[in-house]
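The values are calculated or read from the model by the stated rules, or taken from the named source; none is laboratory data. Everything numeric in this text was worked out from a predicted model, so none of it was measured. Ideal geometry is used to build each Cβ from the backbone, glycine not excepted, and the neighbour counts take in all protein chains shown.
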Ligand SMILES: *Cc1c(COP(=O)(O)O)cnc(C)c1O
């Protein structure tokens with residue numbers, strides 16, 4: 001007994017090479033593995049006793065699995081949230097993917113005019129975006145937050161105050177608040193009205209010698225109902241004209257196709273509609289309802305777009321060739337009215353019947369091979385998500401599973417550990433996969449993953 005305790009105390013930390021040998025082949029780069037093993041060993045060193053070699057290997061393997069899972073990789077989205085910020089928002093159109101390959105794999109005329117001179121980056125896409133937004137001009141930066149920063153910086157160079165309604169100081173994904181983004185530029189927020197009510201008079205009273213601009217932010221990811229009031233874009237525009245102030249609207253999601261046309265009850269203003277109401281500039285994201293790559297699109301008055309592009313900050317926020325390539329392909333699809341080829345829009349359009357047929361086939365397949373499992377198809381409500389159309393629930397169809405030999409949490413974890421990971425949600429006593437956000441070509445993989453999970 002005494003001896004055993006002694007030997008336990010004296011057990012030595014294994015050498016890194018011994019652990020690497022025992023690991024065998026691993027698909028992560030060797031320096032990454034070595035670094036992880038060293039960190040694990042120093043954690044062990046800090047403890048009072050050294051575990052057995054096999055326990056150390058279990059620890060190391062588990063950490064390697066976690067590290068591998070943290071690599072950027074495709075996942076199957078069974079949440080029913082079409083524009084899911086955590087899952088990379090818009091799946092790109094095939095044309096955009098092709099453009100990424102073509103432009104990314106070689107040289108391009110990014111800043112070269114094929115007449116043999118230096119050219120302008122993004123000149124085609126800017127023109128096409130202007131046309132799409134029925135604007136005089138347009139440009140692109142990295143994302144909508146960057147667009148907002150650029151715009152606010154430009155207009156607050158001599159005067160400080162940005163007038164904005166208290167009901168529009170929204171928080172967007174990732175804990176980013178519009179108010180904080182504006183203040184980060186050095187501008188001062190001049191909040192007007194109350195959370196639920198902002199009248200034109202509230203705007204009028206707030207305008208003074210320090211006012212630089214009026215900003216309207218579309219409430220894209222939530223809605224208010226009840227005792228609410230807000231001034232219309234047209235009315236605010238009249239006021240801005242009278243006071244000689246720039247008026248900008250952050251539209252957020254950027255619905256190009258009228259939401260009515262998508263069969264969605266929520267009304268989202270299009271950039272063209274906002275500009276028609278007199279707004280000087282609009283900005284919106286490229287990867288929400290626009291259905292393209294991450295980008296911040298700005299459209300509006302030619303003089304203002306030109307001035308924004310002259311800002312030194314513009315250089316720091318400009319898009320790379322890959323974003324421009326994917327955006328160019330997406331803009332062309334919009335101009336050609338090929339919304340069926342824009343996955344984000346196509347997913348919103350799938351009929352319930354189609355989803356029901358797929359659900360029946362999946363349930364049929366699984367009930368033949370997974371005996372321990374209770375599987376049915378259910379009714380679901382998919383969501384646009386990503387800070388768009390907060391009210392519009394889309395009827396959808398789910399695969400509902402009650403596992404027999406494992407808890408719901410363990411079942412969900414097994415599917416997340418599948419390659420590619422399958423992500424659903426737990427509601428009540430069921431695990432649910434919403435088919436609206438699962439591409440039909442992924443149904444086979446989903447079936448395999450569930451089979452593996454139920455035989456585990
Ligand atoms: C999503 C959103 C943003 C931020 O867009 P990003 O492209 O993610 O930077 C800004 N404003 C509103 C109203 C939004 O909905």
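In table form, for the structure just shown:
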{"quantity": "Flag for residue 208 being modelled with pLDDT of 95 or more, out of contact with any helix residue (DSSP H, G or I) (no Cβ under 8 Å at 6 or more places or on another chain), in the same structural domain as residue 157 (by TED's automatic domain parsing) and not in a helix (DSSP H, G or I)", "calculated": "yes"}
{"quantity": "Residues (in contact with a strand residue (DSSP E or B) (Cβ under 7 Å, 6 or more places away or on another chain) and either within 12 Å of the ligand (Cβ to nearest atom) or within 23 Å of residue 86 (Cβ to Cβ) (or both)) located in the stretch 126-151", "calculated": "140, 141, 142, 143, 144, 145, 146, 147, 148, 150, 151"}
{"quantity": "Residue match in the stretch 158-167 (condition: crowded, with 23+ Cβ neighbours inside 10 Å and within 12 Å of the ligand (Cβ to nearest atom))", "calculated": "yes"}
{"quantity": "Any hit, the stretch 224-239, residues being part of a loop (DSSP other than H, G, I, E, B), surrounded by fewer than 16 Cβ atoms within 10 Å (Cβ to Cβ) and within 16 Å of the ligand (Cβ to nearest atom)", "calculated": "yes"}
{"quantity": "Hey, residue 277 over 19 Å from residue 250 (Cβ atoms), assigned by TED's automatic domain parsing to the domain that holds residue 143, surrounded by 14 or more Cβ atoms within 10 Å (Cβ to Cβ) and in contact with a strand residue (DSSP E or B) (Cβ under 9 Å, 6 or more places away or on another chain) or not", "calculated": "no"}
{"quantity": "Tally of residues being surrounded by fewer than 14 Cβ atoms within 10 Å (Cβ to Cβ), within 29 Å of the chain's Cα centre (by Cα) and not in a loop (DSSP other than H, G, I, E, B) across the stretch 101-122", "calculated": "3"}
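For (1) part of a strand (DSSP E or B); (2) more than 12 Å from the ligand (Cβ to nearest atom); (3) touching a helix residue (DSSP H, G or I) at 6+ places or on another chain (Cβ under 7 Å), each residue gets a yes or a no:
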site	(1), (2), (3)
266	no, yes, no
275	no, yes, no
287	no, no, no
298	yes, no, yes
308	no, yes, yes
